[in-house]
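What follows is a set of notes on a single structure, which appears directly below.
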Amino acid sequence: DFSKAMSQAGTSQFQEVIRQELEYSMKVELDKILATASSNELEHAKKDLEGFKKLFHRFLQEKGPSVDWGKIQRPPEDSIQPYEKIKARGLPDNIASVLNKLVVVKLNGGLGTSMGCKGPKSLIGVRNENTFLDLTVQQIEHLNKSYNTDVPLVLMNSFNTDDDTKKILQKYSHSRVKIYTFNQSRYPRINKETLLPIAKDVSYSGENTECWYPPGHGDIYASFYNSGLLDNLIGEGKEYIFVSNIDNLGATVDLYILNHLMNPPNGKRCEFVMEVTNKTRADVKGGTLTQYENKLRLVEIAQVPKAHVDEFKSVSKFKIFNTNNLWIALSAIKRLQEKNAIDMEIIVNPKTLDGGLNVIQLETAVGAAIKSFENSLGINVPRSRFLPVKTTSDLLLVMSNLYSLNAGSLTMSEKREFPTVPLVKLGSSFTKVQDYLRRFESIPDMLELDHLTVSGDVTFGKNVSLKGTVIIIANHGDRIDIPAGALLENKIVSGNLRILDH
């Protein structure tokens, strides 16, 4: 036992030496990068690289991402409230004064590359020529006009989206919404083998674009604080932010939740509210809220020990998942940021660059900070508040007659008999937005659709109706053109456009 203990001590000493060497080598490389900054870049680059150094230090210290599965418990009953209960309290007469304490923050760091688009994802057209950003501005403008309030919009951009977004913002100069932006940090990607940065200087244009990345939306706390905008908004009397992904079209300002935050029934305000919703089979990978060491904690699939992944995905044991619609007290962000007390697990995101080089990105997620805040709460909201558009399959749903558009908000058509959305799977010929648009002369009637699968070279004429389960498969070399005005109800169409009963 003695020799075993000695060898263990030796191993941990050896690991400590390696850790220190890696940290020293990283510091040397980062100093070299910083030395290439011009005087007007220096302050910004310094802040970014300091933040990165802290994250890298934690990455070397931590023994992998997994949580201690034995400590995970179901959250106590009252820690996740049903939305109906919060709505039942109604609204106070002075809802305008409550709204004036709110700031809407949209996470706008992502590019549209997964949908074959260049530039910020928020500038993709989603409905009647309106982009994600247009719809967001319309929603807030409608609020401000209806209640005579001043709810501002804040966009967290990344270095990938900042220039294009700022150019577009000029078009809203006459709208009744104050719009502010700040940038999330810019961190260097790390070579997977050497654990050193692949960037040689601070520039991030041209061939250097691949050397840098925005470190996930968990970066919001530090970059919001560092930008000075957090203090300005507190100075203007703002108290809460409502944060959501810009591509979640269901994430509109909810007055009942806001009232619950500002006028809590027990007199004790929540610093952090996470909207969760019930899992379906499509959401098994979504992060879930658990009780862990007497705190509400978000557990992501990446943190789950391999032996328990199936259990984590079980819809019966973990019934809810995080929509990433979050309500957070500004004063709490300021307090925790100043104490350096916001604790988020590190997500190690491996990537292979175009030239074949394997790199890793160290990231954090905004919801993971829930355990650092006091008096956190989950609210189980209707599925309609989670309507993300990640693919052209999602785009087809929001462009269709399943939804109507009013003042920037999408609502499910009353003509649809059941509140769930059809399951749509469009094949690889539809992945890019421009290919997708080319294949639909008009968006089909989908009010009575349950399931649609399309694969291969398929096009749709005008005024097609889809009902029940429809499967359309064009094999390699075949092409299927669904004629204008066709009604497909419970049909499988394959090969040479023979329509068979399903």
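Brief remarks follow.
- Filter pass, Tyr204 being among the aromatic types (Phe, Trp, Tyr) and touching a residue at least 60 places away in the same chain (Cβ under 8 Å): no
- Yes/no for Ala282 being open to solvent by 10 Å² or more (accessible area, probe 1.4 Å), in a helix (DSSP H, G or I), touching a Leu at 6+ places or on another chain (Cβ under 8 Å) and not assigned by the TED database to the domain that holds Ile95: yes
- Given (1) under 21 Å from Asp247 (Cα atoms); (2) loosely packed, with under 15 Cβ neighbours inside 10 Å, number of the condition Gln138 does not satisfy: (2)
- Filter result for the condition that a residue is open to solvent by 10 Å² or more (accessible area, probe 1.4 Å), of a type in the set (Asp, Glu) and in contact with a strand residue (DSSP E or B) (Cβ under 9 Å, 6 or more places away or on another chain), over Asp164, Asp150: Asp164
- Set side by side, the residues Ile328, Ile320, Ile301 differ, and just one is open to solvent by 10 Å² or more (accessible area, probe 1.4 Å), at pLDDT 85 or above and not acidic (Asp, Glu), which is Ile320.
- Lone unmet requirement of (1) in contact with a His (Cβ under 9 Å, 6 or more places away or on another chain); (2) within 25 Å of Val389 (Cα to Cα) for Ile86: (2)
- Test: residue in the range 172-179 that is of a type outside the set (Phe, Trp, Tyr), open to solvent by less than 30 Å² (accessible area, probe 1.4 Å) and assigned by the TED database to the domain that holds Lys334: yes
- Just so you know, in the range 463-484 the residues that are part of a loop (DSSP other than H, G, I, E, B) and at pLDDT 95 or above include one that is most open to solvent (accessible area, probe 1.4 Å), and it is Asn463.
- Test: residue in the range 137-149 that is outside any helix (DSSP H, G or I), in contact (Cβ under 8 Å) with a residue 40 or more places away in the chain, in the same structural domain as Asp219 (by the TED database) and not basic (Lys, Arg): yes
- The lone exception for Met344 - which of (1) in a loop (DSSP other than H, G, I, E, B); (2) buried (at least 21 other Cβ atoms within 10 Å of the Cβ); (3) at positive phi it fails: (3)
- Matching residues in the range 150-198 - criterion: being over 23 Å from the mean Cα position of the chain (by Cα), more than 21 Å from Val253 (Cα to Cα), assigned to a loop (DSSP other than H, G, I, E, B) and not β-branched (Val, Ile, Thr): Ser173, His174, Lys192, Glu193, Leu195, Leu196
- Selection count where residues are acidic (Asp, Glu) and at pLDDT below 90, scope the range 44-74: 2
- All of (1) in contact with a Lys or Arg (Cβ under 8 Å, 6 or more places away or on another chain); (2) free of Cβ contacts under 8 Å to residues at least 12 places away in the same chain hold for Ile246 with one exception: (2).
- Checked against the criterion of being acidic (Asp, Glu) and in contact (Cβ under 8 Å) with a residue 60 or more places away in the chain, the candidates Asp134, Asp78 yield just one match: Asp134.
- Residues that are surrounded by 15 or more Cβ atoms within 10 Å (Cβ to Cβ), under 30 Å from Lys121 (Cβ atoms) and basic (Lys, Arg) occur in the range 439-452; there is at least one.
- Among (1) closer than 30 Å to Ile342 by Cα; (2) of a type outside the set (Lys, Arg); (3) touching a helix residue (DSSP H, G or I) at 6+ places or on another chain (Cβ under 6 Å), the one test that Glu374 misses: (3)
The values are calculated or read from the model by the stated rules, or taken from the named source; none is laboratory data. Small disclaimer: the values here were computed from a predicted structure and weren't measured. Cβ sites come from the backbone with ideal geometry, for glycine too, and all protein chains shown count toward neighbours. With ligands, DNA and RNA removed, areas are computed over all heavy atoms of the protein, side chains included. Shrake-Rupley method; radii C 1.70, N 1.55, O 1.52, S 1.80 Å.
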